[in-house]
């Protein structure tokens, strides 16, 4: 974990803690997928070895003051889980509507108002797991925010995290793994 990543994680945790102290009482935000379980293997159709489409995602338990959601999908094991050198970003979404309860499989058309950020392929949209070596972990991170973030003009993960500072009410994570079948 880089110093910057650690600093952002601390800021996001403090933001969520501040929201809790402001009295945002609700059940815990949760994120699930019908495609895979927490810590389970991501099916090949959601990877570069399949259709490379996004899995369906479902969430519940958003704090009552939620005004929007953001979603970041990344892989902290790049390029090799035995010697990771970077976190590879697979998907960046923000301004998902507060009333949203999930995203369908193969999400291309986003809910009204939702916006794409840039992944590490320098394009918008979902890019599925395609690890060069070994079994990697893929984190789907959902943030409930107390504000819409307006047009950040296709932000990177770092730019989105900066814009979210002070606005995170709750966070949920779903982690899946994948290792290429074909070599």
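Restrict the check to the stretch 140-158 and report whether at least one residue is in a helix (DSSP H, G or I) and surrounded by fewer than 17 Cβ atoms within 10 Å (Cβ to Cβ). Spell out the reasoning first.
Within the stretch 140-158, the subset in a helix (DSSP H, G or I) is 157-158.
Pick out the ones that are also surrounded by fewer than 17 Cβ atoms within 10 Å (Cβ to Cβ) and you get 158.
Within the stretch 140-158, one or more residues are in a helix (DSSP H, G or I) and surrounded by fewer than 17 Cβ atoms within 10 Å (Cβ to Cβ).
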- Note on the structure: Picked from the stretch 15-43 (must be touching a strand residue (DSSP E or B) at 6+ places or on another chain (Cβ under 6 Å) and modelled with pLDDT under 95), the residue farthest from residue 165 (Cα to Cα) is 24
- Query: Within the stretch 93-108, how many residues are buried (at least 18 other Cβ atoms within 10 Å of the Cβ) and farther than 16 Å from residue 31 by Cβ?
  - Reply: 1
- Mind telling me which of the residues 125, 117 ends up being at pLDDT 95 or above and either at positive phi or surrounded by fewer than 19 Cβ atoms within 10 Å (Cβ to Cβ) (or both)? 125
- Is there any pair linking a residue in the stretch 139-156 that is on the phi > 0 side of the Ramachandran plot and free of Cβ contacts under 8 Å to residues at least 60 places away in the same chain to one that is crowded, with 16+ Cβ neighbours inside 10 Å and part of a loop (DSSP other than H, G, I, E, B), with Cβ under 7 Å and at least six apart or on different chains, and which? 154/117; 154/118; 154/124
- Message: Consider the stretch 159-178. How many of its residues are assigned to a loop (DSSP other than H, G, I, E, B) and touching a strand residue (DSSP E or B) at 6+ places or on another chain (Cβ under 7 Å)?
- Response: 1
- Message: Filter the stretch 43-88 down to the residues that are within 15 Å of residue 173 (Cα to Cα) and either touching a helix residue (DSSP H, G or I) at 6+ places or on another chain (Cβ under 9 Å) or surrounded by 17 or more Cβ atoms within 10 Å (Cβ to Cβ) (or both) and list them by number.
- Response: 55, 57, 59, 62, 69, 70, 71, 72, 73, 74, 75, 76
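The values are calculated or read from the model by the stated rules, or taken from the named source; none is laboratory data. Quick caveat, the model's predicted, so the values are computed rather than measured. Here Cβ is always computed from backbone atoms with ideal geometry, including for glycine, and neighbour counts include all displayed protein chains.
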